[in-house]
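Step one of this worksheet: look at the structure below.
FYI, it's all coordinate maths here, none of it is from the lab. For clarity, every value in this text was computed on a predicted model and none was experimentally measured. Here the Cβ positions follow ideal geometry from the backbone for every residue, glycine too, while neighbour counts run over all protein chains shown.
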Amino acid sequence: MPSLYLINPAESVPGYFGLEVLGAWAGVQAVGMADLVMPTVAAFAPADWDVRLCEERLGPVDFDTPAEFVGLTGKITQRERICELATEFRRRGRKVIVGGSYASLSPEEVRPYADVLVIGEIEEIAAALFSDLSSGRYKPEYRGTKPDIGAGPLPRWDLYPSGHAMTAQVQTSRGCPFECEFCDVIQYLGRKQRWKEPERVIAELDLLHRHGYRSVFFADDNLTVMRRRTRALLEALASWNDRPEGERMAFSTQVSIDVARDADILDLLRESGFAMTFIGLETPNEESLSHAGKRQNVKADMIGRIKTIAEHGILAFGGIVVGFDQDGPDIFERQAAFIQAMPMPLVSPGLLVAPDATPLHARLAAAGRLIEGRQSAASVVGTNIRPLLMSEETMRNGMIWLLNRVFSADLVAERVAAFVDICGDHKPSERKPFFSGITAAMARRLATKGRGEYGLIRVLDKAAHTRPDLWSLLTTVFLYYCQARFMLEREGIWDDAIGRRDAPVL
Ligand code: SF4
């Protein structure tokens with residue numbers, strides 16, 4: 001029987017969304033987000049194949065696997081581990097197949113490590129790939145197409161260790177019509193968005209519900225950008241998810257800031273179960289937004305729109321980027337003030353990076369401004385770009401300052417209070433103690449730190465008491481805050497003095 005061992009390798013740098021740093025500290029074997037790629041690929045394997053999945057964030061790789069083929073997937077942050085695992089399995093005589101977003105966007109980097117390289121989306125080439133593997137007459141490279149994404153089989157969640165993941169994933173669309181200069185998603189998935197029909201999305205959710213998931217991330221690049229299809233999908237979701245507490249799913253996703261223009265979409269999002277969404281705000285520097293092609297954010301009153309989104313009961317998680325060519329040394333204080341003006345407790349600040357295959361990468365390579373070998377930022381303050389209007393040292397120090405500012409317990413507490421103040425309508429809900437289990441363990445650890453942390457804990461506790469309907473959202477805020485905080489501590493760049501409310505500016 002042909003056999004395949006599919007691996008989702010560990011990341012070299014933990015991300016804001018992973019919760020692995022937290023889990024490791026608390027001694028809990030858990031991942032924030034279940035991987036969707038492995039169950040999707042496994043579903044295409046013919047019935048006579050033996051397929052096993054390995055989520056390396058949850059346990060060690062089985063190097064003695066008897067499987068004939070080893071499949072590796074992953075994104076840029078998994079680069080080092082993809083190459084290490086491929087090398088080791090080939091040394092042990094296994095045939096290694098590498099696919100996923102990193103292999104698709106940087107095929108030249110991956111090719112030396114793969115017996116079979118899969119570039120692009122798998123749906124329409126899966127049958128030929130598995131048939132060739134079965135016969136032993138496979139090619140060194142397969143190129144995917146832009147397939148109908150709803151035509152394939154349902155993901156094999158039965159093979160995934162679901163009991164250890166907080167949130168599962170579905171994907172209802174691929175691609176985004178915008179054209180941000182730094183974005184590699186559109187290079188990989190295209191600007192013409194392709195969708196699944198609502199019935200197919202519901203079938204995937206039914207499956208996840210049966211596997212015990214009550215939290216799902218919609219891994220779309222921009223869920224709401226096509227309004228007509230969004231309304232149809234959200235209406236179907238609202239009706240499917242109209243169920244009692246405990247049975248209802250909590251949804252999160254990614255959208256662009258223009259969503260705030262349509263109150264009916266925001267209402268539908270909330271009604272169908274979306275409580276949190278990532279939004280790429282990037283920067284208050286209009287010049288940077290214009291030059292980067294982030295046209296949907298230019299003159300968009302982002303602060304007002306984030307308030308509108310919060311008024312509809314949805315928590316925005318803001319993507320923040322520093323290091324555009326129009327950013328001078330004043331950008332760090334401008335960013336700190338911009339973030340603090342919004343009812344947005346959570347943000348994910350990072351330095352601008354130029355991924356392979358993007359127009360930004362091509363432009364900076366031509367200008368000789370790329371730092372070799374640094375495409376995957378090995379640190380939250382790392383980048384492969386030489387800045388234009390400041391030195392590398394100023395940029396790194398400024399970023400450390402900004403991170404300490406935006407994750408200061410004092411300032412996060414202010415943003416939590418601002419969010420709770422204007423967040424949607426109060427819905428009757430049972431009161432639960434805010435700190436229990438892992439949140440209590442985290443709170444105890446933080447409470448040894450100082451005044452600011454006590455303040456944040458008090459604000460969260462009080463908010464959960466007055467707005468018990470926000471309990472789950474506030475828990476998420478607290479866990480993500482702890483993850484960010486421990487990431488900075490682990491990198492050795494946490495500085496209590498910068499985070500104090502009365503600390504001097506940069
Ligand atoms: S809006 Fe987001 S997904 Fe769309 S092009 Fe810009 S960065 Fe990429």
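Out of 492, 424, one residue alone is farther than 24 Å from residue 304 by Cα and among the small types (Gly, Ala, Ser). It is 492. Considering only residues that are free of Cβ contacts under 8 Å to residues at least 60 places away in the same chain, surrounded by fewer than 19 Cβ atoms within 10 Å (Cβ to Cβ) and not in a strand (DSSP E or B), which ones fall in the range 319-337? Scanning the range 319-337 gives 330, 334, 337.
The set of residues in the range 97-118 being surrounded by 21 or more Cβ atoms within 10 Å (Cβ to Cβ) and part of a strand (DSSP E or B) consists of 97, 98, 117, 118. Run down 228, 210 and say which single residue is at negative phi, of a type outside the set (Val, Ile, Thr), free of Cβ contacts under 8 Å to residues at least 24 places away in the same chain and out of contact with any helix residue (DSSP H, G or I) (no Cβ under 9 Å at 6 or more places or on another chain). After applying the criteria, what remains is 228. Residues that are more than 12 Å from the ligand (Cβ to nearest atom) and either polar (S, T, N, Q) or surrounded by 22 or more Cβ atoms within 10 Å (Cβ to Cβ) (or both) within the range 274-293 comprise 274, 277, 283, 285, 288, 290, listed in sequence order. Within the range 219-239, the set of residues being more than 16 Å from the ligand (Cβ to nearest atom) and in contact with a Gly (Cβ under 9 Å, 6 or more places away or on another chain) comprises 237, 238.
Only a single criterion out of (1) surrounded by fewer than 16 Cβ atoms within 10 Å (Cβ to Cβ); (2) touching a Leu at 6+ places or on another chain (Cβ under 7 Å); (3) assigned to a helix (DSSP H, G or I) is not satisfied by residue 204, namely (1).
Can you confirm whether residue 119 is more than 16 Å from the ligand (Cβ to nearest atom), farther than 19 Å from residue 54 by Cα and free of Cβ contacts under 8 Å to residues at least 24 places away in the same chain? Against the criterion (more than 16 Å from the ligand (Cβ to nearest atom), farther than 19 Å from residue 54 by Cα and free of Cβ contacts under 8 Å to residues at least 24 places away in the same chain), residue 119 does not qualify. Residues in the range 294-313 that are surrounded by fewer than 24 Cβ atoms within 10 Å (Cβ to Cβ) and part of a loop (DSSP other than H, G, I, E, B): 6 in all.
Residue count for the range 249-264, restricted to those that are more than 19 Å from residue 219 (Cβ to Cβ) and either within 16 Å of the ligand (Cβ to nearest atom) or in a loop (DSSP other than H, G, I, E, B) (or both): 5.
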